[in-house]
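The values are calculated or read from the model by the stated rules, or taken from the named source; none is laboratory data. Because the structure is predicted, anything quoted here is derived from the model rather than measured. Glycine also receives a Cβ, built like all others from the backbone with ideal geometry; neighbour counts cover every protein chain displayed.
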């Protein structure tokens, strides 16, 4: 878990990608890598997602492509079969947490409350996704959770923007943030790869 936390800490920003056309996956990944963002979360929100992450793993080796929106055991099976570097979930049922442990998936469950966090910890997960970050209390909530759970590290996602990303990253219990603004589907459809690279370069420059 420490190795995974170090990977996310080095990345700082994880693009959260919804890919509707698997043929866009490789040029999209290359555009983000060109902008300095290599840890990519491919959400399982479209039928193209599984093919997209497999294509990136195959053709863009410099990218660390993982899954997002993992909600079922079949999603964990996909992550295990592809030997993905990470898999994010918006939540964390007991079944999902136990299956992730059984399969050895580098899983990052989602939490929004202290009770959900305690469930994740009970299964051995001290690196979690704070989701939906802004709506669930934002930085005040992260600071409140830091007291009783000092060893937990968070990747806030949900409501993260270029304007607040740096503020979240300034919290000592935050290792990275996830954001969907970097590669909106409209830009993917238009093939606006240079614009996507530009956004990546800008956030990297802003965060140092």
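Evaluate the stretch 187-197: report whether one residue or more is under 24 Å from residue 89 (Cα atoms), modelled with pLDDT of 95 or more and either touching a helix residue (DSSP H, G or I) at 6+ places or on another chain (Cβ under 6 Å) or not in a loop (DSSP other than H, G, I, E, B) (or both). Can you show your working first?
Taking the stretch 187-197 first, the residues under 24 Å from residue 89 (Cα atoms) are 188.
Next cut, modelled with pLDDT of 95 or more only: 188.
Checking which are either touching a helix residue (DSSP H, G or I) at 6+ places or on another chain (Cβ under 6 Å) or not in a loop (DSSP other than H, G, I, E, B) (or both) leaves us with 188.
The answer is yes, given that some residue of the stretch 187-197 is under 24 Å from residue 89 (Cα atoms), modelled with pLDDT of 95 or more and either touching a helix residue (DSSP H, G or I) at 6+ places or on another chain (Cβ under 6 Å) or not in a loop (DSSP other than H, G, I, E, B) (or both).
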Exercise. For residue 160, all conditions in the list (1) free of Cβ contacts under 8 Å to residues at least 40 places away in the same chain; (2) touching a helix residue (DSSP H, G or I) at 6+ places or on another chain (Cβ under 9 Å); (3) surrounded by fewer than 16 Cβ atoms within 10 Å (Cβ to Cβ) hold save one; what is the number of the exception?
Worked result: (3)
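Scan the stretch 69-88 and give yes if some residue there is assigned to a loop (DSSP other than H, G, I, E, B), touching a residue at least 40 places away in the same chain (Cβ under 8 Å) and in contact with a strand residue (DSSP E or B) (Cβ under 7 Å, 6 or more places away or on another chain), otherwise no. Break it down into steps so the answer makes sense when it comes.
Residues of the stretch 69-88 assigned to a loop (DSSP other than H, G, I, E, B): 69-72, 82-86.
Checking which are touching a residue at least 40 places away in the same chain (Cβ under 8 Å) leaves us with 85-86.
Narrowing the set further to residues that are in contact with a strand residue (DSSP E or B) (Cβ under 7 Å, 6 or more places away or on another chain) leaves 85-86.
There is at least one residue in the stretch 69-88 that is assigned to a loop (DSSP other than H, G, I, E, B), touching a residue at least 40 places away in the same chain (Cβ under 8 Å) and in contact with a strand residue (DSSP E or B) (Cβ under 7 Å, 6 or more places away or on another chain).
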Problem set entry | Pairs with Cβ under 6 Å, 6+ apart, first in the stretch 107-122 and touching a residue at least 24 places away in the same chain (Cβ under 8 Å), second surrounded by 18 or more Cβ atoms within 10 Å (Cβ to Cβ) and in a helix (DSSP H, G or I) | 107/100
For this session: List the number of the failed condition for residue 184; all other conditions in (1) free of Cβ contacts under 8 Å to residues at least 24 places away in the same chain; (2) closer than 23 Å to residue 100 by Cβ hold.
Result: (2)
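I'd like the full set of residues that are part of a strand (DSSP E or B) and touching a helix residue (DSSP H, G or I) at 6+ places or on another chain (Cβ under 6 Å), limited to the stretch 108-153.
Applying the first criterion (part of a strand (DSSP E or B)) to the stretch 108-153 yields 108, 110-111, 127-130, 153.
Residues satisfying the conditions are 111, 127, 128, 153.
Does residue 30 fit the bill of being in contact (Cβ under 8 Å) with a residue 24 or more places away in the chain, part of a helix (DSSP H, G or I), out of contact with any strand residue (DSSP E or B) (no Cβ under 9 Å at 6 or more places or on another chain) and closer than 19 Å to residue 179 by Cα? Outline the logic, then answer.
On the way: in contact (Cβ under 8 Å) with a residue 24 or more places away in the chain: yes; part of a helix (DSSP H, G or I): yes; out of contact with any strand residue (DSSP E or B) (no Cβ under 9 Å at 6 or more places or on another chain): yes; closer than 19 Å to residue 179 by Cα: yes.
Taking the combined requirement at face value, the residue satisfies it.
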